[in-house]
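> One structure, as structure tokens, below. Some questions next.
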Amino acid sequence: MKPRKLIAGNWKMNGSLAANEALVRALVQGVGAEGGCDVVLCAPAPYLSQVQSLTANSGIAVGAQDVSAHAQGAYTGEQSSAMLKEFGVRYAIVGHSERRQYHGETDETVAAKTAASLANGLTPIVCVGETLAQREAGQTEEVVKRQLAAVIHVNGHCISEIVVAYEPVWAIGTGKTATPAQAQAVHAVLRAQLHHAASEHAAGIRLLYGGSMNAANAAELLAQPDIDGGLIGGASLKAADFLQIIAAAAR
Ligand code: 13P
């Protein structure tokens, strides 16, 4: 069965109490009784409880942008999945390319963070994607399969509970979107890999596309057979743009 589409906003390190309030109020009002797709806002950690209060009873879920691989202890600066869960957080982005690039996260770290999320009932949004150099060297398929294989290896059949986001690194924040055909080709590879690991559950695992998705290109990307939603950076900070993407997914 085809899953409900999921539109996730990744605010990255943006926002303020005042800006978040204006944005979330506009989104809550705009989403209204729409209900045609799932929506999640991944806010910076200090604002999670603010966004949780603002979205209460709205149908919009809250997500973290990262989660610790550990359960508790001497890990200064980290937040555990149990802590996030206590604040009503439902999703956690795991292995975003910015975490891989600037914080040295390896495929093994990402797999462990996925396991830590699942252990406390958070839905991990596991990010995979190739760099421009890797694409130009013809390694796209090999790279995304290796990244996802590490997560499958550690999480086994629990893989049916994850969300996967394909985010080509060269498309993030650059205005260069993968064409719908390019994105679909990679999504089909990921779907086949999930099918191998989770057989009949694979069709229900949501595969999001991320990388310069915006109000103008969302509909065409979301129309691809293996694109089940989007992970949106820049355009998720503008209420009108994000609402247009949500509307495209709800159609
Ligand atoms: P942009 O939508 O700003 O390209 O960011 C994509 C992204 O990295 C979402 O996680």
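The values are calculated or read from the model by the stated rules, or taken from the named source; none is laboratory data. All values reported here derive from a predicted model rather than from experimental measurement. Reconstructed Cβ throughout: ideal geometry from the backbone, glycine too, with neighbour counts over all protein chains shown. To get the accessible areas, we keep the full protein, side chains included, count just its heavy atoms, and leave off ligands, DNA and RNA. Shrake-Rupley method; radii C 1.70, N 1.55, O 1.52, S 1.80 Å.
> Restricting the search to region 124-141, which residues are in contact (Cβ under 8 Å) with a residue 60 or more places away in the chain and either part of a helix (DSSP H, G or I) or not hydrophobic (A, V, I, L, M, F, W, C) (or both)?
Gly129
> Can you tell me which residue in region 168-187 is farthest from the ligand (Cβ to nearest atom), limited to those that are open to solvent by 60 Å² or more (accessible area, probe 1.4 Å) and farther than 15 Å from Gln139 by Cβ?
By that ranking, first place goes to Ala181.
> Additional query: Determine which member of the set Ala239, Ala203, Ala218 is over 17 Å from the mean Cα position of the chain (by Cα) and open to solvent by less than 30 Å² (accessible area, probe 1.4 Å).
Ala239
> Conditions first: (1) away from the ligand (no atom under 16 Å from the Cβ); (2) not in a helix (DSSP H, G or I). Glu105 passes all but one, so which condition is the exception?
Among (1) away from the ligand (no atom under 16 Å from the Cβ); (2) not in a helix (DSSP H, G or I), the lone unmet condition for Glu105 is (1).
> So, of the residues in region 154-195 that are part of a loop (DSSP other than H, G, I, E, B) and touching a strand residue (DSSP E or B) at 6+ places or on another chain (Cβ under 8 Å), which turns out to be farthest from Gly229 (Cα to Cα)?
Ile172
> Listed residues Ala249, Ala149; which is touching a Cys at 6+ places or on another chain (Cβ under 6 Å) and more than 13 Å from the ligand (Cβ to nearest atom)?
Ala249
> In region 33-55, which residues are at pLDDT below 95 and open to solvent by 40 Å² or more (accessible area, probe 1.4 Å)?
Ala33, Glu34, Gly35
> Go through region 196-251 and count every residue that is under 18 Å from Ser160 (Cα atoms), among the acidic types (Asp, Glu) and in a helix (DSSP H, G or I).
1
> Does at least one position in region 70-84 carry a residue that is surrounded by 17 or more Cβ atoms within 10 Å (Cβ to Cβ) and in contact with a Phe, Trp or Tyr (Cβ under 7 Å, 6 or more places away or on another chain)?
No, that holds for no residue.
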